[in-house]
Amino acid sequence: MEKIQHSHVQARGLKLHVAQSGTGPKVVLFLHGFPEIWYSWRHQMIAVANAGFRAIAFDFRGYGLSDHPPEPEKASFKDLVDDVVALLDLLGINKVFLVGKDFGAVPAFMVAVIHPERVLGVITLGIPFLIPGPVGIQFDLLPKGFYILRWAEPGRAEADFGRFDVKTVVRNIYILFCRSELQVAGENEEIMDLVDPSTPLPPWFTEEDLEVYATLYQNSGFRTALQVPYRCSQLDYGITNPKVTAPSLLIMGEKDYFMKFPGMEEYMKKGIVKQFMPNLDITFMPEGNHFVQEQLPEQVNELIITFLNKD
């Protein structure tokens with residue numbers, strides 16, 4: 001990780017932690033998911049920089065080493081969109097490739113829809129085109145006890161997570177989210193109860209990796225992280241005709257539990273998603289899970305770099 005430089009940038013009244021590698025003329029901005037952080041892109045940043053691009057990843061507001069907003073309970077995806085644009089302006093970057101994973105795909109899509117002039121291309125991992133409001137998750141079809149519904153309830157995840165130290169919470173979520181089935185708790189259990197404490201970490205995620213995540217989340221806690229994404233996903237951001245015209249790539253693990261969301265497999269495999277992203281290519285990775293960029297970094301890096309070099 002010695003090739004990655006760290007700094008803080010003052011953006012929209014908050015100090016945001018920014019990691020950078022490489023000095024190429026074309027810029028790739030990586031947007032993390034949950035329970036992730038800039039470090040989730042460690043493999044991709046080095047590979048992209050070595051391929052001649054400038055790689056940037058930042059901790060979203062309220063995550064890791066970035067400041068919390070003054071009122072975390074009012075944070076929304078629009079804040080992340082505005083933070084991305086402010087960061088580009090501060091760093092003097094006119095156009096960028098956006099790479100989003102998990103809920104980090106949502107601000108990538110929103111920036112591409114609202115500010116198309118700033119976007120060279122969009123790559124997302126684990127999530128096809130979704131924008132809260134017109135093209136969002138069908139929450140009413142999700143099983144009762146599903147983690148997204150549980151964590152959307154104010155106070156519920158806080159009580160669940162509060163029974164454990166931060167390292168155990170991150171460990172449990174990584175183990176849970178590696179699985180190919182939906183994470184659904186019974187009536188008398190919480191999401192953390194779904195993990196047997198004796199379950200080992202996946203082979204591609206080391207104790208050292210876990211320590212990095214735990215340290216960063218010990219710094220930030222989960223206050224903003226539970227608000228964005230879980231408690232603002234049903235807001236409507238006033239986007240009425242969403243379309244991403246930039247060249248796009250979706251990398252989807254066949255064993256990603258997101259494939260089990262109601263209607264999602266059909267949405268992707270029958271090409272319905274291309275109504276919103278006409279210039280989209282989709283690559284399915286047979287063994288890929290929800291953390292495909294950490295699980296199979298060399299394959300994902302090759303897909304990303306091939307896409308970047310097409311432009």
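Okay, here's what the table says:
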quantity: Number of the condition not met by Pro242 [criteria: (1) out of contact with any Gly (no Cβ under 9 Å at 6 or more places or on another chain); (2) at pLDDT below 95; (3) crowded, with 18+ Cβ neighbours inside 10 Å]; calculated: (1)
quantity: Of residues in segment 192-216 being open to solvent by less than 20 Å² (accessible area, probe 1.4 Å) and among the hydrophobic types (A, V, I, L, M, F, W, C), the one farthest from Val18 (Cα to Cα); calculated: Val195
quantity: Selected residue [touching a strand residue (DSSP E or B) at 6+ places or on another chain (Cβ under 6 Å) and assigned to a loop (DSSP other than H, G, I, E, B)] from Gly62, Gly52, Gly33; calculated: Gly33
quantity: Any hit, segment 139-156, residues being under 17 Å from Ala185 (Cα atoms) and surrounded by 20 or more Cβ atoms within 10 Å (Cβ to Cβ); calculated: yes
quantity: 3 or more residues open to solvent by less than 40 Å² (accessible area, probe 1.4 Å) and modelled with pLDDT of 95 or more: qualifying helices (runs of 4 or more DSSP H) within segment 253-311; calculated: 292-295, 297-310
quantity: Search result, residues across segment 76-123 that are outside any helix (DSSP H, G or I) and in contact with a Phe, Trp or Tyr (Cβ under 9 Å, 6 or more places away or on another chain); calculated: Ser76, Phe97, Leu98, Val99, Gly100, Lys101, Val119, Leu120, Gly121, Val122, Ile123
quantity: Hits in segment 166-181 - residues which are buried (at least 17 other Cβ atoms within 10 Å of the Cβ) and not basic (Lys, Arg); calculated: Val166, Val169, Val170, Asn172, Ile173, Tyr174, Ile175, Leu176, Phe177, Cys178
quantity: Matching residues in segment 108-128 - criterion: being open to solvent by less than 10 Å² (accessible area, probe 1.4 Å) and touching an Asp or Glu at 6+ places or on another chain (Cβ under 8 Å); calculated: Gly121, Leu125, Gly126
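The values are calculated or read from the model by the stated rules, or taken from the named source; none is laboratory data. Quantities reported herein were computed from a predicted structural model and do not represent experimental measurements. So basically every Cβ, Gly included, is an ideal-geometry build from the backbone, and we count neighbours across all protein chains shown. Quick note on the areas: whole protein, heavy atoms, side chains included, nothing else; ligands and nucleic acids left out. Shrake-Rupley method; radii C 1.70, N 1.55, O 1.52, S 1.80 Å.
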